[in-house]
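Working notes for the structure below.
The values are calculated or read from the model by the stated rules, or taken from the named source; none is laboratory data. No experiment lies behind these values; they were computed from the predicted model shown. Here Cβ is always computed from backbone atoms with ideal geometry, including for glycine, and neighbour counts include all displayed protein chains. Areas reflect the complete protein model, heavy atoms only, side chains present, ligands, DNA and RNA absent. Shrake-Rupley method; radii C 1.70, N 1.55, O 1.52, S 1.80 Å.
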Amino acid sequence: MNKLPLVIDDKLQQRAYAVAAIFYNQLGQFELGLGYARRLAKLSLVGRNFCFAKQLGLESQFELGLLEENDPQILEGIEACQQSNEVVMESAIYSYLAKLHLKNSNPQKAILALEENLQAIEESRYAPIIALYYSLLAESYFQIQSSVIAEDYAHRTIQQTRNIANSKPQVSSYKVLYQIAESRGDHKLALEYHKKFAEADRAYLDNIKTKHLAFQLAEHQTTEHKSRIELLDKQNNLLTIEQKLSAIKAENNRLFIAMLIAIITLLVFWAYKSWMTQKRLKQLAEYDALTGILNRGHFTQVAQSALKYCANTDMYLSCILFDLDKFKNINDSYGHACGDWVLKRVAEVCQAQGRKNDIFARLGGEEFCVVLPSCDLLTATKLAEEYRKVIERIDSADSGFDFTISASFGVTDTLRSGHALEKLIADADEAMYESKHNGRNRITVYSVPDKDADSDENTAANSDGAQADLPLFTGS
């Protein structure tokens with residue numbers, strides 16, 4: 001700009017002043033922008049440059065609070081831009097007038113001023129000015145309580161600004177939408193719009209602050225440039241100190257990161273060990289250490305919950321209790337290691353045979369129990385027969401010895417024994433001992449004593465490897 005007087009070309013000189021005014025206005029330095037706009041206005045101007053001079057001067061004065069709604073400069077600027085067919089510049093001047101009307105609580109005048117030029121600016125398809133017009137119309141219609149129209153213009157504004165970052169019209173439109181939702185009592189929608197308003201407003205203000213900071217930095221750099229030679233030695237000293245500080249800081253950061261990694265590693269290791277310990281304790285507390293199925297304590301809790309659920313929902317529940325035949329002979333003849341192998345193998349084959357929701361547990365020694373929710377007595381008896389068969393088919397060769405394995409079964413259900421776990425197990429146990437008494441390797445279904453019933457009517461599910469009608473055990 002200091003060399004501009006050397007330029008002979010008038011048009012180039014006018015363009016330089018116009019660019020300077022635009023630059024400072026966009027940077028928010030409106031006093032400087034006004035100065036260059038006035039310099040431009042003093043030149044012999046015609047056509048669009050005359051329109052530019054008027055519009056830039058009015059923009060600076062408006063932002064500095066020096067413009068009134070009845071200022072004759074506004075009409076002069078509008079006429080100048082109309083003569084050069086500069087629709088965008090003319091629309092910008094109308095927007096200043098509309099803002100002044102709104103500032104003075106004259107929303108009707110603002111609407112008239114904006115709608116007079118709305119079609120022309122829409123045809124220009126210049127999104128920033130269109131968005132500005134829509135946002136001012138939204139604000140104006142909201143002030144006259146035309147919420148529907150205001151809401152429409154606010155949404156149009158947001159549509160226009162979708163590709164414009166940090167836009168003041170977008171901030172204003174979200175505010176209008178928030179106020180409309182609040183006035184309608186739609187607090188949830190109002191909160192959503194208020195969040196968007198706050199985000200847009202913060203981004204817009206940050207952008208303004210960034211521009212001011214950039215300008216201040218530029219001024220500071222200019223001043224610094226003038227005194228750089230005198231301060232060069234001091235700056236070199238400061239730079240050396242900064243480098244040392246940076247090196248120390250980098251070393252401290254490395255130490256901190258190493259310490260942090262060590263702490264995190266220890267915490268992860270501790271958490272893993274704690275998790276493994278908890279898992280192990282849970283395993284010990286709930287599962288039989290030898291067979292891996294439920295132990296008696298946890299089985300009692302789970303079975304009682306199942307009984308309560310079935311009682312509340314009027315569902316069937318059956319119980320199978322079985323004991324390995326002559327298990328003591330296996331322990332005495334082949335050792336406890338062989339006995340343990342038998343217990344584990346029996347648990348494996350029975351688990352594979354059972355249903356997913358069956359509650360299978362080792363009650364102690366060679367005694368096992370299966371509680372079957374949602375299972376009637378007939379189905380439970382069939383499942384018991386399957387258990388009996390797979391146990392009978394176990395090949396003892398893997399244990400290193402040759403012997404047979406079998407089990408005696410007792411079956412009952414809640415219709416016969418009720419929903420008390422102790423009674424259910426006791427009745428199944430009684431039926432199981434009847435199976436042992438009748439020759440082992442068979443199934444006996446518990447039957448409630450009936451003094452008037454003929455004993456020949458009682459049938460049991462006894463099996464020694466072939467299907468047959470089996471007499472039911474009658475409890476004492």
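Carbon and sulfur atoms: what percent of the 1.4 Å accessible area of the stretch 85-134 do they account for?
On the way: 1100 of 2300 Å².
So the carbon and sulfur contribution to the accessible surface is 48 percent.
Of the listed values (i) 23.1; (ii) 26.2; (iii) 32.2, grab the one calculated as Kirkwood radius over Cα pairs in Å from the structure here.
The value matching this structure is (iii).
What residues qualify as long-range amide H neighbours of Tyr287, i.e. H under 5 Å apart, gap of 5 or more or another chain, H built at 1.01 Å from N?
Counting only residues 5 or more places away or on other chains, the set is Asn295.
If exposed trypsin sites (Lys or Arg not before Pro) are those in a DSSP loop with at most 14 other Cβ within 10 Å, what is the longest stretch of the chain that has none? Don't skip to the end; give the middle numbers.
On the way: sites that count: Lys3, Arg125, Arg162, Arg184, Arg355, Lys356, Arg393, Lys451.
Counting at most 14 other Cβ atoms within 10 Å as exposed, the longest clean stretch of the chain is 185-354.
Put +1 on the Cβ of each Lys and Arg and -1 on the Cβ of each Asp and Glu in the chain; which of Asn106, Thr404, Ala21 then has its Cα farthest toward the positive end of the dipole?
Looking along the dipole axis, the top candidate is Ala21.
Based on the alpha-carbon gyration tensor of the stretch 1-82, what equivalent-ellipsoid semi-axes (square roots of 5 times the eigenvalues) come out, in whole Å, largest first? Walk me through the numbers before you get to the answer.
Details: eigenvalues 92, 50, 14 Å².
Over the Cα atoms of the stretch 1-82, the semi-axes work out to 21, 16, 8 Å.
Using a 1.4 Å probe on the protein chains only, how many percent of the accessible area of the stretch 308-360 belongs to carbon and sulfur?
Working: 1330 of 2900 Å².
C and S fraction of accessible area: 46 percent.
Could you name the aspartates and glutamates whose alpha carbon sits less than 18 Å from that of Lys109, not counting residues in the same chain fewer than 8 places away?
Glu68, Glu69, Asp71, Glu90, Glu139
Just flag the GluC sites (Glu not before Pro) in the stretch 25-111 sitting in loop per DSSP whose Cβ has no more than 16 other Cβ atoms within 10 Å.
Details: sites: Glu31, Glu59, Glu63, Glu68, Glu69, Glu76, Glu79, Glu86, Glu90; in loops: Glu68, Glu69, Glu86.
Here the GluC sites (Glu not before Pro) that fit, given the DSSP loop and packing criteria, are Glu68.
Provide the per-residue ³J(HN,Hα) series for the stretch 394-400, in order, calculated from phi with Karplus coefficients 6.51, -1.76, 1.60 and θ = phi - 60°, each as a whole number of Hz, with x at glycine and proline positions.
Here the 3J(HN,Hα) series is 4, 8, 7, 4, 5, 7, x Hz.
Once the Cβ-Cβ distance between Glu122 and Leu6 is put in as r, and R0 is 51 Å, what FRET efficiency do you end up with, to the nearest 0.05? Before the final figure, lay out each step's value.
Working: r = 44 Å, r/R0 = 0.85.
After rounding to 0.05, the efficiency reads 0.70.
Leu363's amide H: which non-local residues (gap 5+, or another chain) put their own amide H closer than 5 Å, with H modeled 1.01 Å from N in plane and none for Pro or chain starts?
Phe368, Cys369
Of Leu294, Leu4, Leu118, which is farthest along the charge dipole of the chain in the positive direction, counting Lys and Arg as +1 and Asp and Glu as -1 at C-beta?
Checking the options against the dipole of the chain, the answer is Leu4.
With +1 on each Lys and Arg Cβ and -1 on each Asp and Glu Cβ, and nothing else charged, work out how big the dipole of the stretch 1-139 is about its Cα centre, in Debye to the nearest 20. Don't skip to the end; give the middle numbers.
Values: 12 positive and 17 negative charges, 114 e Å.
So the magnitude is around 540 debye.
What ³J(HN,Hα) values, in whole Hz, does the Karplus curve 6.51 cos²θ - 1.76 cosθ + 1.60 give for the stretch 28-42 when θ = phi - 60°, with x put for Gly and Pro?
x, 9, 6, 5, 5, x, 5, x, 6, 5, 5, 4, 5, 5, 6
Here is the link list: Lys188/Lys209; Lys249/Lys273; Lys11/Lys54; Lys308/Lys423; Lys99/Lys211; Lys42/Lys209. Which ones come out longer than 26 Å on Cα distance? Could the numbers behind the result be given before it?
Details: Lys188/Lys209 31 Å; Lys249/Lys273 36 Å; Lys11/Lys54 17 Å; Lys308/Lys423 14 Å; Lys99/Lys211 23 Å; Lys42/Lys209 32 Å.
Pairs exceeding 26 Å: Lys188/Lys209; Lys249/Lys273; Lys42/Lys209.
Using θ = phi - 60° and the Karplus form 6.51 cos²θ - 1.76 cosθ + 1.60, what ³J(HN,Hα) does each residue of the stretch 149-162 get, whole Hz, x for Gly and Pro?
Running phi through 6.51 cos²θ - 1.76 cosθ + 1.60 with θ = phi - 60° gives 5, 4, 5, 4, 5, 5, 5, 4, 4, 4, 5, 5, 9, 5 Hz.
Per residue, what accessible area does the chain have, given a 1.4 Å probe and all protein chains present, in Å²?
On the way: 28080 Å² over 476 residues.
Result: 59 Å² of accessible area for each residue.
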